[in-house]
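Accompanying notes for the structure given below.
We did not get these values from a lab; they are worked out from the coordinates using the rules stated. These numbers come from a predicted model, not from an experiment. Cβ atoms come from the backbone with ideal geometry, glycine included; neighbour counts cover every protein chain shown.
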Amino acid sequence: MNYLSIDVGGTFTKYAIITEECRIVEKNKSPTVTEPLEDFIASLVNIYKKYEGHVEGIALSMAGIIDSETGFMYTGGNLTCITNLNIVEVLEKRCGIHVTVENDAKCAALAEVWKGSLMDCNDAVVIVCGTGVGGAIIHDRKVLRGIHNMTGEFSYIMTEAEPEYSLDHTLAGNTGIRSLIKFVSSHTGVTEDELDGEKAFSMANCGDEKALAGIREYVRHLAIQINNYQFILDPEKIVIGGGISVQPLFLQMIREEIKKINAVYPWDLPIPDVEVCKFFNDANLIGSVYVHIKSKERKIDVDKLNELLDLVKDRREGQYLMELLGQ
């Protein structure tokens, strides 16, 4: 079976046809329509129309706080037009096909659980470094959600209190990609407008000591949080995704800094087992299909249970009728 996976980003909407065996048949992207709501919905419907009759469902990956069980979007990240919207109901009505939705970072995590770096793990932490810091906590191979569906929203974690509380002192503020650029800029003198993550690592890989120092400062902030997650959750693995994770130097530095932190303790304590995600830029697309397949399995299980309950009810009613008739 084939599924249409759609990953809605702030700039581009990526989409792909993916099989239930996790094979990408084809993929493409188009600019994200951010408003108004009707135009945004129409953009998703138009993508589906290209494959109508050739896919078994639509699997959505989106930013924001989402109840994936009901399809309700409490927030939509930078897409304010979909705040407080049940996007599953809207799209199922427009497309006439089964639709699921999940937070993009949780999709990335579940892609790793399904076919990636966490195939052999029951408990793990996934950190996705981008503009903010998303992620997920995996327990018994399932995503923990929390009462407000916010488990794994690492961006909001406060890391400092001085000189005052500020968004600059959140995990998004000091370990998002803009923070990497800021650190590298301050060490090299290259303006932030001239830098992006790829250029920063290119400079470092070419031996620029100042660029290396800037990346090291960035990595130290993230390594502290990875160390904290190890002692809060004690997972089997901690895996890191996002565009930065493709850089071998990044993983090398993370492991070096974690060892330095561990050396501070006067006891023999576990060192976090840190790896990078397998699927990189395709993770959200693949994970959303896994969510969709699991949703179908649950629906089948519920349907079978209802059939069984109906059968039991019919038999009980039949037995009661026989007793009334004196049979």
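Only residues that are over 14 Å from L249 (Cβ atoms) and part of a helix (DSSP H, G or I): list them for the range 193-216, please.
Passing the criteria: D193, E194, K210.
Could you please find all residues in the range 89-133 being under 15 Å from V8 (Cα atoms) and surrounded by fewer than 23 Cβ atoms within 10 Å (Cβ to Cβ)?
Restricting attention to the range 89-133, the residues satisfying the condition of being under 15 Å from V8 (Cα atoms) are 91, 99-108, 130-131.
Of everything in the range 89-133, those that are under 15 Å from V8 (Cα atoms) and surrounded by fewer than 23 Cβ atoms within 10 Å (Cβ to Cβ) turn out to be G130, T131.
Which numbered condition in (1) without any contact (Cβ under 8 Å) to a residue 12 or more places away in the chain; (2) crowded, with 16+ Cβ neighbours inside 10 Å is the only one that D39 fails?
Of (1) without any contact (Cβ under 8 Å) to a residue 12 or more places away in the chain; (2) crowded, with 16+ Cβ neighbours inside 10 Å, only one is false for D39: (2).
Might you check whether a residue that is polar (S, T, N, Q), surrounded by 14 or more Cβ atoms within 10 Å (Cβ to Cβ) and touching a Leu at 6+ places or on another chain (Cβ under 8 Å) occurs anywhere in the range 226-243?
Taking the range 226-243 as the starting set, the residues that turn out to be polar (S, T, N, Q) are 227-228, 230.
Filter again for surrounded by 14 or more Cβ atoms within 10 Å (Cβ to Cβ), leaving 227-228, 230.
Subsequent filtering for residues that are touching a Leu at 6+ places or on another chain (Cβ under 8 Å) retains none.
No, the conditions are met nowhere in the range 226-243.
Among the candidates G64, G57, G77, single out the residue that is of a type outside the set (D, E), surrounded by 15 or more Cβ atoms within 10 Å (Cβ to Cβ) and farther than 21 Å from T151 by Cα.
G57
Test of understanding: among S185, S179, S166, S155, which residue is in contact (Cβ under 8 Å) with a residue 12 or more places away in the chain, closer than 24 Å to R216 by Cβ and either surrounded by fewer than 17 Cβ atoms within 10 Å (Cβ to Cβ) or more than 25 Å from the chain's Cα centre (by Cα) (or both)?
The unique qualifying residue is S185.
Please go through (1) more than 29 Å from S155 (Cα to Cα); (2) buried (at least 21 other Cβ atoms within 10 Å of the Cβ) for Y51 and return the number of the only condition it doesn't satisfy.
(2)
Is there any pair with a first residue in the range 202-227 that is closer than 16 Å to Q247 by Cα and a second that is small (G, A, S) and surrounded by fewer than 17 Cβ atoms within 10 Å (Cβ to Cβ) whose Cβ atoms are under 8 Å apart and which are 6 or more apart or on different chains, and what are they?
The qualifying pairs are G214/S186.
Of everything in the range 257-271, what is closer than 15 Å to I238 by Cβ, of a type outside the set (K, R) and in a helix (DSSP H, G or I)? Give them in sequence order.
E257, I258, I261, N262
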